[in-house]
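Taking it in order: structure first as structure tokens, then the write-up.
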Amino acid sequence: MNENRIEKKFVLGKFKDDFFKKFLLVNGFTKQYPDRIISSIYLDTANYDFAKDNINGVSERKKIRFRWYNNNLDDIYVEEKNKRNFNVWKNIEKISLPNNEKNLLENLKEYFHKVKFKSKNNFNYKFILRTNYKRSYWLSNNKIRATIDIDINASSLNNFSKPIYLGDTVLEFKFHPKHEKFFRDFFSKRFYNLRTQKYSKYVRSFLELENSGLNF
């Protein structure tokens, strides 16, 4: 599955999801479907090029991750997310693995190294960290989607049981490039004091874990 969109993010501290929800409701957004818990395991190159590109502000960059929802290991997806400035496109593939929480990481590694990118593995990819968070989904005029992420936490792959909580509340708008003018008009009339900003859960988690002295 391929997806092409523009992403705009707003980030506040803890317990700001009510503020974002009220803002969306007042401006015509409705809940799209029930909240979900999202879990992701991120990969990077041996030199951490994905993290460095983001930190250094490289305009064209990518991420590779495995993702699943509500702890359902029957439906795991491998995603390659590419970004050029605010434009994002994804390659997403559903995979089949043994439903085994205990051996999840080993099964993912076996899949990746034997199946995915087998013919074009130009880098020595390695598994870096895991993130979890709760996401709510919103929609306006069938043109702009919005998500609110809370309870964002990161953990070393060496120890899932001791996560670090990031303390961020993230509102993200997602829309097709053809609706960019519609979003600009919407944005200019309603966001008085907030500014879009670059935000990556992977990089935030990477830096927090590194500062905590945890090994990747």
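ASN27 is checked against (1) crowded, with 17+ Cβ neighbours inside 10 Å; (2) in contact (Cβ under 8 Å) with a residue 12 or more places away in the chain; (3) more than 24 Å from PRO163 (Cα to Cα) and fails just one. What number does that condition carry?
Failed condition: (1).
Taking the conditions exactly as written (modelled with pLDDT under 90, over 21 Å from the mean Cα position of the chain (by Cα) and hydroxyl-bearing (Ser, Thr, Tyr)), does SER119 satisfy them or not?
So SER119 passes the test.
Just give me the residues in region 34-57 being exposed (fewer than 13 other Cβ atoms within 10 Å of the Cβ) and either over 22 Å from ILE150 (Cα atoms) or modelled with pLDDT under 95 (or both), in sequence order.
Answer for region 34-57, where residues must be exposed (fewer than 13 other Cβ atoms within 10 Å of the Cβ) and either over 22 Å from ILE150 (Cα atoms) or modelled with pLDDT under 95 (or both): ALA46, ASN47, ASN56, GLY57.
Out of region 61-113, which residues are assigned to a strand (DSSP E or B) and touching a Leu at 6+ places or on another chain (Cβ under 7 Å)? Break it down into steps so the answer makes sense when it comes.
Initially, region 61-113 is screened for residues assigned to a strand (DSSP E or B), giving 61-69, 76-84, 87-95.
The answer is ILE64, ARG65, PHE66, ILE76.
How many residues, within region 1-18, are part of a helix (DSSP H, G or I) and either without any contact (Cβ under 8 Å) to a residue 24 or more places away in the chain or exposed (fewer than 14 other Cβ atoms within 10 Å of the Cβ) (or both)?
1
Go through region 152-181 residue by residue and tally those that are modelled with pLDDT of 90 or more and not in a strand (DSSP E or B).
Here the count works out to 11.
Residue by residue, here is whether (1) under 26 Å from LYS52 (Cβ atoms); (2) under 13 Å from the mean Cα position of the chain (by Cα); (3) not hydrophobic (A, V, I, L, M, F, W, C) holds:
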residue: ASN107; (1), (2), (3): no, no, yes
residue: THR147; (1), (2), (3): no, yes, yes
residue: ILE152; (1), (2), (3): yes, yes, no
residue: LYS174; (1), (2), (3): yes, yes, yes
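Give the residue that is surrounded by the fewest Cβ atoms within 10 Å (Cβ to Cβ), with candidates limited to residues of region 177-216 that are of a type in the set (D, E, K, R) and touching a residue at least 40 places away in the same chain (Cβ under 8 Å).
Among them, the one singled out is ARG195.
Please find, within region 19-31, the residue that is nearest to the chain's Cα centre (by Cα) out of those that are under 13 Å from PHE173 (Cβ atoms) and in a helix (DSSP H, G or I).
Among them, the one singled out is PHE20.
Listed residues LYS174, LYS109, LYS162, LYS143; which is over 19 Å from LYS21 (Cβ atoms), in contact with a strand residue (DSSP E or B) (Cβ under 8 Å, 6 or more places away or on another chain) and surrounded by 14 or more Cβ atoms within 10 Å (Cβ to Cβ)?
Values: LYS174 fails: over 19 Å from LYS21 (Cβ atoms); LYS162 fails: surrounded by 14 or more Cβ atoms within 10 Å (Cβ to Cβ); LYS143 fails: surrounded by 14 or more Cβ atoms within 10 Å (Cβ to Cβ).
That would be LYS109, the only listed residue that is over 19 Å from LYS21 (Cβ atoms), in contact with a strand residue (DSSP E or B) (Cβ under 8 Å, 6 or more places away or on another chain) and surrounded by 14 or more Cβ atoms within 10 Å (Cβ to Cβ).
Could you look through region 32-54, keep only residues that are in a helix (DSSP H, G or I) and charged (D, E, K, R), and pick out the one that is nearest to ASP75 (Cα to Cα)?
Checked region 32-54; the qualifying residue nearest to ASP75 (Cα to Cα) is ASP49.
Confirm whether LEU157 is surrounded by 14 or more Cβ atoms within 10 Å (Cβ to Cβ), in contact with a helix residue (DSSP H, G or I) (Cβ under 9 Å, 6 or more places away or on another chain) and of a type in the set (A, V, I, L, M).
Yes.
The values are calculated or read from the model by the stated rules, or taken from the named source; none is laboratory data. Keep in mind the model is a prediction, meaning the values are calculated, not measured. Methodologically, a virtual Cβ is constructed for each residue, glycine included, from the backbone with ideal geometry; neighbour enumeration extends over all protein chains shown.
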